[in-house]
Amino acid sequence: MVGSVVLSMAPDEHFLIESINATGTNATGTLIDTESRDAQRVLIASTLTFLVGILQVIFGVLQIGFIVRYLADPLVGGFTTAAAFQVLVSQLKIVLNVSTKNYNGVLSIIYTLIETFEKIGTTNIADLIAGLLTIFVCMVVKELNDRFKHKIPIPIPVEVIVTIVATGISYAADLEKKYNAGIVKSIPRGFLPPEPPKVSLFSQMIAASFSIAIVAYAIAVSVGKVYATKYDYAIDGNQEFIAFGISNIFSGAFSCFVATTALSRTAVQESTGGKTQVAGIISAGIVLISIVALGKLLEPLQKSVLAAVVIANLKGMFMQVFDVPRLWRQNKVDAMIWVFTCIASIVLGLDLGLLAGLLFGLLTVVLRVQFPSWGGFGNIPGTDIYKKVKDYKNVVEPEGVKILKFASPIFYANIDGLKSSLKSTVGFDAVKVYNKRLKALRKIQKLIKKGKLKATKNGIISEPGINNEAFETDEDPEDNQDLQVPTKEVEIQVDWNSELPVKVNIPKVPIHSLILDFGAVTFLDIVAVRSIKTIIKEFERIDVRVYFASYQDNLISQLERSAFFDDTVRKDMFFLTVHDAVLYIRNQMTYSDNKDPIFEKIALMQESKEPIEFTETSRPGDELDVQEEAMRRLAS
């Protein structure tokens, strides 16, 4: 990412100069002023580093380090494995001593790998042998360190030993001249003088600096979480932001580019036993001494040996691939996140791959919330425990009661899922049932007006000579217009589970109560509140009471703020547990009088033309007397 910013702000075209032809003629050509170009690019890179450092310190102070929580372990595992693969490809061409182009961006790893194998015929045998021997020795010694770590006081520093031995062999055998081996050659001594950043460039790179600050931090924390899990310690995201920010601000003044985790160096330090800040200080001290004084001693060292040391220390990262089968058995979604992040990071590059993996992980969360698990619940006999009916054999649903548990917060994205699960649980659509009932009442009213049915106080009877074949059928298209039930002439109440005198297919409603278990509902948005209120009214108008159980404490205050409660939707519909709601419903069904004295009842004609007799409805005063007598008996 730093390279793309540098190349876009300081391309070669900006440093073209005219030159006189070397033949002495007047012909001129164009050359690139490499000295000016490189100086400008270094200035841009150091300025970018300084700006990124400022942003990272600001992010740390503002406590934005919480984004580390979104880097799930499967995402980190897939990303670090892809990063290890990128390091392997970059070091492989050094082991083979094959020169390739420097690719950046999408498919850069693939292009590098393809070009490496296209030029594999030019492999330097001396470098290849040195690299393979180094890998073999390092891996064998590391296995010995792991196997006998309880007997060895300190791990064998095989990397240091191999480096010293390889340097001596290369110097003594003069591998560069005899076999054209690639060696380190010159190592500059000392440090460049500090140079202040060019503030005028800030406006041109602020957008890129923002993304680089986030990506560099995310990459570092991803690798850090791997070792934090391995060695059982915690990572403070805000502390990491501030640490990287200060580091970049300081290094930006010394012609450095943006700092983040070096996977290869981290793997080498960890494999040699370095686990604390002391190891980092010692490592930095050795680098300092090498830059100042010992650089010349390492000049004969073959580059393939250094690359092989890095490759040998990537074993732990590649072993994470074996986590995928275990993840697949435990949680298929997590396994998909691992695989997707790994492939995306290899194909798109580490920066875009990490972003793609993060977005994919968030997408899986959204989808799991949008399509949560749900199911009808029943009671385990003899207990107050309720379990999913499909999962347990001995679970019994309370008679006339359906219990639905929706295992997710309810918001605009999954409210349709709630409605669908309701229909599946109760076995009917409340809106369609209501419309069918209105249609049946309208047809019955028409028959009464035509004289084909006669309404009485005790029911309805058919006129002589009229049979059921004369009743109107349900052939006209169903609509929602003109469905108001006429009540001025005859007000009626129907047992909708009985057979009707009109051929209208009305779904049966086998329940009288519905309990919504909100134990897993942590929040509701305004769309969900309105929809749930509508659902309650849809069920209430077909004589199905709706209750809520196991709700979170914050939901009541949230519902109050959303104007949820009114004359129809009351707080006495809410219960602490599902069992409390079931006991309340049983009590209501046992002791309440379900007769409605307001409406006159009608008898419903059967196919045999025999009316179903209904008892005469009591007068309101009589009913009140009966209720008072029952209350006195209970009191006594």
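At-a-glance table
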quantity	calculated
Per-residue ³J(HN,Hα) for the stretch 136-150, Karplus 6.51 cos²θ - 1.76 cosθ + 1.60, θ = phi - 60°, Hz, x for Gly and Pro	4, 4, 4, 5, 5, 5, 5, 4, 5, 4, 5, 6, 10, 5, 6
Asp232, Asp73 arranged by Cβ crowding within 10 Å, fewest neighbours leading	Asp232, Asp73
Cα centroid separation - the stretch 295-346 against the stretch 60-91, whole Å	12 Å
Protection proxy ranking, peptides 390-398, 84-92, average beta carbon neighbours within 10 Å, highest first	84-92, 390-398
Most to least packed among 131-144, 336-349, 402-415, 355-368 [average Cβ atoms within 10 Å]	336-349, 402-415, 131-144, 355-368
Met317, Met9 arranged by Cβ crowding within 10 Å, fewest neighbours leading	Met9, Met317
Förster radius 25 Å - calculated FRET efficiency between Ile343 and Ala207 (Cβ-Cβ, nearest 0.05)	0.35
Long pairs among Lys387/Lys419; Lys388/Lys443; Lys151/Lys303; Lys119/Lys185, criterion Cα-Cα beyond 32 Å	Lys388/Lys443; Lys151/Lys303
Amide proton proximity set for Val546, modelled H, under 5 Å, gap of 5+	Leu514
Potential extension, Gln370-Asn180 segment - 0.36 nm per residue separation minus Cα distance	62.2 nm
Relative exposure of Lys450, Lys533, judged by other C-beta atoms within 10 Å (fewest first)	Lys450, Lys533
Net charge of Cβ neighbours under 14 Å - reference Ala312; Lys, Arg +1; Asp, Glu -1	-1
Size of electric dipole in the stretch 298-390: Cβ of Lys, Arg +1 and of Asp, Glu -1, about Cα centre, debye, nearest 20	460 debye
Candidates per chymotrypsin sites (Phe, Trp or Tyr not before Pro) in the stretch 173-255, loop by DSSP, up to 13 other Cβ within 10 Å	Phe191, Tyr233, Phe254
For Ile187, net neighbour charge (Lys/Arg +1, Asp/Glu -1) across residues whose Cβ lies under 14 Å away	+3
Neighbourhood net charge (15 Å Cβ-Cβ; Lys/Arg +1, Asp/Glu -1) for Pro74	+3
Peptides ranked, highest mean first, by Cβ atoms within 10 Å: ranges 580-587, 287-294	580-587, 287-294
Between the stretch 409-451 and the stretch 125-153, the Cα center-to-center distance that results, in Å	74 Å
Percent of Cα-Cα distances greater than 22 Å, calculated over the stretch 219-359	53 percent
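No lab work stands behind these numbers, since they all come straight from the coordinates. In this text, all values refer to a predicted model and were calculated from it rather than measured experimentally. Glycine also receives a Cβ, built like all others from the backbone with ideal geometry; neighbour counts cover every protein chain displayed.
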